[in-house]
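The values are calculated or read from the model by the stated rules, or taken from the named source; none is laboratory data. Computed from a prediction, not measured in an experiment: that's the story for all the values here. Heads up, the Cβs are rebuilt from the backbone with ideal geometry, glycines too, and the neighbour counts pull from every protein chain shown.
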Amino acid sequence: MDSTTTVSRTQSFIDLENEFGANNYKPLDVVLARGQGVWVWDVEGNKYLDMLASYSALNQGHCHPRILTALIEQAKKLTLVSRAFRTDQLGPFYKEICEMTHSHSVLPMNSGAEAVETALKAARKWGYQIKEIPDDMAEIIVCANNFHGRTTTIVGFSTEQQYRDGFGPFAPGFVIIPFGDAEALEWAITPNTVAFMVEPIQGEGGIIIPPSGYLKKVREICDRNNVLLILDEIQTGLGRTGKLFAEEHDGIESDLTLVGKALSGGVYPVSAVLSNKEALAVFEPGDHGSTFGGNPLACAVARAALKVIEDENLVEKSLFMGHYLKESLRNIISPHVKEVRGLGLMIGVELKKSAGGARKFCEALMGKGILCKETHKHVIRFAPPLVITKEELDWALERIESVLLHH
Ligand SMILES: *Cc1c(COP(=O)(O)O)cnc(C)c1O
């Protein structure tokens, strides 16, 4: 073949994305074609350890056989009826997720951002109906450096300039306070406050862990002021931090908990709002909905994904392997590392400014067969599937060490 006309398989796929796609992402230049468990393969046949796990959507690992079987079997039977009719999957899904998470009720959606929007609507309506706040006066408190998704309402209360620039005007009714500061919450609450929404650990914000006891204080302040506590556990939930939900580290229960990502094991977009209080009871027929929300394929997949978390003890594995990974990373004495922090298998390695940004470390790791992604410029996030073994972590640690020492 004439070498001047040869374009690598990788480059030909990248060219297609660049030619026809909107330019809203800047992925690493690896083109993946297959995944199994913690491993993925690119179109050239190279194998990589996936230490990002699609931002925790793949807690159960790529292409988990039990989840795939549920998907395929259900796909042959019934995929969508819209919520105009009932199915034999929705009720059992409700029962199983409520029992597993000790929730009273559930509202299924598709993406994480939709679960967030659903909770915001529920909280506002609860505020008007139950707390009797004057019309259109509801306030919801959120934290600086948050990440709750990309809809216009949600980016309106982001403090990340790029997420907002060019997308206004934004919805009113949101108040921003510093993350990890319970006193700031106390000060921000007014008679019109309906809810405080927070991530137990800020994932996209750079794996930021609040002071210990933060959520406990927040729970107490919300109770005392009749304010709903909404925990966005879309990333921290379903085992990621070594508990089923990160709220358990503080021994509290939210009023509304948002789940997504690993709810389907990365197989299908499924999200949900879980409620421990009357907040979801304010919805009446016609108030809210989604054509695909709660469809039988999504329910069958989510039921299998939840069973896998339970049957394979992924919560305990996350705690144990997370501890091992964090301590091993801390034992790497690198001139570039400022701090290693995390809970369970949600770990961030913050580099010193002098290291020149995390991106080039992620690219070097890719060259050694490890896929991960920088977050907030200076943090390398390690969040592999929870099915990862100690041997696989050791394999990764050897390569991480060489990159942190020699780059
Ligand atoms: C990913 C994420 C979301 C948004 O989920 P999408 O499915 O991308 O809409 C919301 N909150 C948190 C904490 C997340 O990590």
Please name all residue pairs, on different chains or six or more residues apart, with Cβ atoms under 9 Å, provided the first residue is in the stretch 201-213 and is under 17 Å from Glu248 (Cβ atoms) and the second residue is more than 11 Å from the ligand (Cβ to nearest atom) and among the hydroxyl-bearing types (Ser, Thr, Tyr).
Ile201/Thr241
From the list Ala84, Ala53, Ala70, Ala75, exactly one residue is under 26 Å from Ala119 (Cβ atoms) and in the same structural domain as Ala262 (by TED's automatic domain parsing). Which is it?
Ala84
Pairs please, first residue from the stretch 112-131 and of a type in the set (Lys, Arg), second anywhere and modelled with pLDDT of 95 or more and in a helix (DSSP H, G or I), Cβ atoms under 8 Å, 6+ apart in sequence or on different chains.
Lys125/Val282
Looking at the structure I just gave you, is Tyr324 among the aromatic types (Phe, Trp, Tyr) and crowded, with 19+ Cβ neighbours inside 10 Å?
no
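Results for (1) modelled with pLDDT under 95; (2) among the basic types (Lys, Arg); (3) surrounded by 20 or more Cβ atoms within 10 Å (Cβ to Cβ), shown as yes or no for each residue.
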| site | (1), (2), (3) |
| --- | --- |
| Gly168 | no, no, no |
| Ala195 | no, no, yes |
| Gln202 | no, no, yes |
| Ile207 | no, no, yes |
| Lys216 | no, yes, no |
| Ile230 | no, no, yes |
| Ala246 | no, no, yes |
What residue, of Ala22, Ala57, is over 29 Å from Ile347 (Cα atoms) and aliphatic (A, V, I, L, M)?
Ala22
Since Gln74 meets every condition but one in (1) within 24 Å of the chain's Cα centre (by Cα); (2) surrounded by 14 or more Cβ atoms within 10 Å (Cβ to Cβ), which condition does it not meet?
(1)
Restricting the search to the stretch 237-265, which residues are touching a strand residue (DSSP E or B) at 6+ places or on another chain (Cβ under 7 Å) and part of a loop (DSSP other than H, G, I, E, B)?
Gly237, Leu238, Arg240, Thr241, Gly242, Phe245, Ser254, Asp255, Gly260
Within the stretch 1-24, is even one residue more than 16 Å from the ligand (Cβ to nearest atom), of a type outside the set (Gly, Ala, Ser) and either assigned to a strand (DSSP E or B) or within 30 Å of Leu274 (Cβ to Cβ) (or both)?
no
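So which residues in the stretch 24-38 are under 18 Å from Ser12 (Cβ atoms), among the β-branched types (Val, Ile, Thr) and in contact (Cβ under 8 Å) with a residue 60 or more places away in the chain, if there are any at all?
Taking the stretch 24-38 first, the residues under 18 Å from Ser12 (Cβ atoms) are 27-34.
Okay, now just the ones that are also among the β-branched types (Val, Ile, Thr), so 30-31.
Result: Val30, single match.
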